[in-house]
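To keep things clear, I will list the structure first and then write my remarks on it.
The values are calculated or read from the model by the stated rules, or taken from the named source; none is laboratory data. Bear in mind the structure is a predicted one, so any value in this text is a computation, not a measurement. Heads up, the Cβs are rebuilt from the backbone with ideal geometry, glycines too, and the neighbour counts pull from every protein chain shown.
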Amino acid sequence: MFQGTKKEQSLEQESSCININTNVELSQIYQYLLANCYGYDNRLKAYQIMREFDIKDHKLFRNRIEDIRQSNEYGFICSEAGTDGGYWIPANYDEVQVTLNHIFKRAMEMLKTYSILRRKVRTKGIK
């Protein structure tokens, strides 16, 4: 058992409850996607899923999707940006490849920006 002040113990318990609630929410989101969003043609926009779980903040929602994707407890969640995009559970490898390509492109853009900023600092300083 955690040995500390009452305040530290209270914070530890609160943190534990938050983790349990988050894990339950992740499971519920994943189960919802499995039941309602199997295959690209059944994808849903973020706002539709957020409404279902009363999530009001887009960043929080994206973090939940990221948590699910990075967890070994759940399968693959696909996504595609844009007006026709959304989130879905893949029905085949081609659908997985859409998401892998999207994530790879974003990662390469971030690496490009990083490289440019790093070069600017080396050549021009911070100003």
* **Matching residues, the stretch 25-51, being of a type in the set (D, E, K, R), out of contact with any strand residue (DSSP E or B) (no Cβ under 6 Å at 6 or more places or on another chain) and modelled with pLDDT of 95 or more** => Asp41, Arg51
* Number of the exception - Thr22 against (1) hydroxyl-bearing (Ser, Thr, Tyr); (2) exposed (fewer than 13 other Cβ atoms within 10 Å of the Cβ); (3) at pLDDT below 85 -> (2)
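Look at Thr123 and say whether it is exposed (fewer than 10 other Cβ atoms within 10 Å of the Cβ), more than 19 Å from Asn23 (Cβ to Cβ) and modelled with pLDDT under 95.
yes
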* Asked: Out of curiosity, is Ala81 of a type in the set (Gly, Ala, Ser), out of contact with any Cys (no Cβ under 7 Å at 6 or more places or on another chain), touching a residue at least 24 places away in the same chain (Cβ under 8 Å) and under 16 Å from His102 (Cβ atoms)?
  -> no
* Which of the residues that make up the stretch 36-64 are touching an Asp or Glu at 6+ places or on another chain (Cβ under 8 Å), on the phi < 0 side of the Ramachandran plot and assigned to a loop (DSSP other than H, G, I, E, B)? -> Arg43, Phe53
